[in-house]
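Worksheet: the structure to be examined is printed underneath.
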Amino acid sequence: MPHDAACHAALAEAREQLESLHQELASTREQLSLVQQRLAAVHHELTHRVKNNFQLVGSLLRLQARRAGNEAAARILNTTVLRIQGMSALHESLYRNRDIGRVELARYIQEVCGRLAEALVDGRDIRVTVEAEPTELPGEYALPLGLAISELVSNALRHAFTDGRSGEVRVSLRREAEDFVLAVRDTGRGIEDRETVLSRGFGLLLVSSCAHQVEGELEVTEHPTTFLIRFPAAIAAS
């Protein structure tokens, strides 16, 4: 009997401890839920403010471009606006992804190219198409790729179809063995030899720099005009 009484007492004490743990767990969950709600609110506010800041800077630059004293200055300012829009698209992609800090690259490329087409096609019979295999990259690699795409697509839309011809700018991303290959092709009027192209202009220097930032190299071919950035697939896992 004394043994049974001791067992019952121990069991009652264990039940009390378990009930206390359940209450503590419920309280902790409630506190965690409140913290998550507050973080979500801060995240939403921060994202909204950063987006607004991007838009404000873009608007100021567009206004300055309209008031620029010469065409060259206006072109530089408008090009800068497009680069800022590319960074804005990246920011939205970063904070939309469940895995903060990573970007779903195919969707990001679609957004960048959609904004460029909206800004630069201007009623012409030119298509901008994207064929990209689904993959995620860390934000520090997605940004230079987005800048490179923005530079190459905007360059094609501005300069490859100046004679009024119709055509297409195609952006593709595919996996080849241990590499990813990003390609921007156009059916426009063509380019000079690759040595001339690669040695001229800030835009191509920027693209080449972006390629190096993803541990890749920029290649240029003709017929059709194609810019390739080949970079290691291993960076997706970093």
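Only the coordinates and a few stated rules stand behind these numbers; no lab work does. The structure presented is a predicted model; accordingly, all values stated were derived computationally and were not measured. Cβ atoms come from the backbone with ideal geometry, glycine included; neighbour counts cover every protein chain shown.
Which of Gly139, Leu204, Ala73 sits farthest toward the positive end of the charge dipole of the range 68-237, with +1 on the Cβ of Lys and Arg and -1 on the Cβ of Asp and Glu?
The Cα lying farthest towards the positive end belongs to Ala73.
Only helices at least 15 Å long along their own axis, judged from Cα atoms, and with Kyte-Doolittle mean hydropathy of 1.0 or greater: name those in the chain from DSSP H.
What comes out of the filter, once short or polar helices are dropped, is 202-213.
Along Cα→Cβ, 7 Å out, is where each label goes; now give me the distance between the ones at Val57 and Ala5 in nm to one decimal.
Rounded to a tenth, the inter-label distance reads 7.8 nm.
How long is the gain from Ala14 to Thr135 if the chain were fully straight, where each residue apart is worth 0.36 nm and the alpha carbon distance is subtracted?
Length gained between Ala14 and Thr135: 38.5 nm.
Grab the Cα-Cα distance for Thr162 and Thr80, subtract it from 0.36 nm times how many residues apart they are, and report the gain in nm with one decimal.
Taking 0.36 nm per residue and subtracting the Cα distance, the gain is 27.4 nm.
At Ala72 and Val50, where each label point lies 7 Å from the Cα along Cα→Cβ, what is the point-to-point distance in nanometres?
3.6 nm
How large is the dipole of the chain about the Cα centre if only Lys and Arg carry +1 and Asp and Glu carry -1, each at its Cβ, rounded to the nearest 20 debye?
That gives the chain a dipole magnitude of about 1220 debye.
Which value, in Å to one decimal place, does the Kirkwood hydrodynamic radius take for the chain when every pair of different Cα atoms is included?
When all Cα pairs of the chain are included, the Kirkwood radius is 21.0 Å.
Expressed in nm to one decimal, what extension gain is obtained for the pair Ala40 and Arg175 from 0.36 nm per residue of sequence separation less their Cα-Cα distance? Walk me through the numbers before you get to the answer.
Working: separation 135, 0.36 × 135 = 48.60 nm, distance 3.52 nm.
Gain in length upon complete extension: 45.1 nm.
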